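Values quoted throughout were computed directly from the atomic coordinates according to the rules given, and no laboratory measurement underlies them. None of the values given here were measured: they were computed from a predicted structure. Cβ atoms come from the backbone with ideal geometry, glycine included; neighbour counts cover every protein chain shown.
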Amino acid sequence: MALIAIEEHWNLPELTSAVKALPEDRGDPSVVLDELGDNLERLDDLGDARIAAMDAQGVDVQILSLAPPGTHPLEPADARTLSRRANDIAAEAVGRHPARLRALATLPMADPAAAGAELERAAGLGFVGAMVYGRTAETPLDDPRYDDLFATAAALRQPIFLHPQIPSRTVREAVYRGFDPMTDLALATFGWGWHLEAAVAALRLIVRGTFDRHPGLQLVLGHWGELLLFWTDRADSLSGVAGLDRKVSDYVRSHIHVTSSGMFNPALLRHALEVTTPDRLLFSTDYPFQKPAKTDIEKFLTEFPTDEDRDKFTAGNACALFGIDLTSRTEQQ
């Protein structure tokens, strides 16, 4: 049984420095989470230590993605430069370990035309998709200026992973303040805010009619669907108001894949299987922010109702979505 982990992060130090140098109203304080424990050491490594960690977990393939916030907070020129730099480094890492690594592209979303061009370039380098966030400065992902990017992604069969993002400063001030600084940050990020931001961004894409215009577009959400799977009954009521062709839940089942993100709770699995279909579920550990042991993973995999469903989750769905051929893998050290 192969195991493909699709939300596994790495870090580009010069990008982190650029984000930290931004004015407070444009920066992303969540970058400090990269420095907790041994996260930074693990994020910076794209070689032997990462492969050893995969072996310890029983993971055959990692799909690399740059840690949040990507290049989204940067000015267009810096975003273009550092996105290209990040993608070149990731491509080199995949080239060194072609049997063990794949990668999602980083896109300069501050420049929509350049983002589309970089997606095309990355696809040519063998990238299997791209990771984006729900907002670039104050521009939401569903803004019409990104429509050409989605058209490109659909034409190239490049899935778009929509990763959680810290709420805007205005929202943080109104909703997530009032505790000590670290609790404020945790509440606005991994404790709650990140996931609402991602769910709202995905819902806005649906309501905007993005998937009607681009029926081949596929979206990936982490953390068992970023709460969206738990509220489709209410979200379906948006369809008539927004003039959509289908229910929101229908779009979820046909255009959205969800990953486990290291949250190996059988109750979450059971709910996901009730709301969507087994061919929409993907394995991920959210490395290095979650570090499940091999025994934790193996125990969780016994919770699937059938071997077929389990095998789809561990590798089959990822192979189909990202075009990964495990039968032709050859390690080149």
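Quick look at the numbers
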| item | result |
| --- | --- |
| Charge dipole magnitude, Cβ of K and R +1, D and E -1 - the chain, Cα centre, debye nearest 20 | 500 debye |
| Kirkwood hydrodynamic radius of the stretch 1-117, Cα pairs, Å | 14.9 Å |
| Stokes-Einstein D (µm²/s) once Rh is taken as the Kirkwood radius of the stretch 101-148 over alpha-carbon pairs, at 25 °C in 0.890 mPa s | 220 µm²/s |
| Cα extents of the stretch 9-65 along the three principal axes, largest first (Å) | 42, 20, 14 |
| Farthest toward positive dipole pole in the chain [+1 Lys/Arg, -1 Asp/Glu at C-beta], among L101, A315, A117 | A117 |
| Most mobile listed residue (Y176, Y287, Y133) in the chain, GNM with C-alpha springs under 10 Å | Y176 |
| Dimensionless Rg over Rh [the stretch 129-184; C-alpha; Kirkwood] | 1.14 |
| Fluctuation leader among A90, A113, A272 - the chain, Gaussian network, Cα springs under 10 angstrom | A113 |
| Cα centre as origin, Lys/Arg/Asp/Glu Cβ charges: the stretch 1-159 dipole, Debye | 500 debye |
| Rule-of-thumb Rg ratio for the chain [Cα; 2.2 N^0.38 Å; N residues] | 0.93 |
| Cα-only radius of gyration and Dmax that characterise the stretch 189-326, units Å | 15.2, 47 |
| C-alpha center-to-center spacing [the stretch 130-204, the stretch 1-74] in angstrom | 17 Å |
| q = 0.16, 0.22 Å⁻¹, the stretch 256-302: log10 I(q)/I(0) [Debye, one scatterer per Cα] | -0.42, -0.78 |
| Candidates V275, V258, V171: whichever shows maximal mean-square fluctuation once the chain is modelled as a Gaussian network with Cα springs under 10 Å | V171 |
| Karplus-derived HN-Hα couplings along the stretch 302-314 (A = 6.51, B = -1.76, C = 1.60, θ = phi - 60°), whole Hz, x at Gly and Pro | 6, 7, 6, x, 9, 5, 4, 5, 4, 5, 5, 5, 6 |
| Aspartates and glutamates whose Cα lies under 19 Å from that of K299, excluding same-chain neighbours fewer than 8 positions away | D55, D60, D286, D307, E308, D309, D311 |
| GluC sites (Glu not before Pro) restricted to the stretch 16-52 and DSSP loop, no more than 10 other C-beta within 10 Å | E24 |
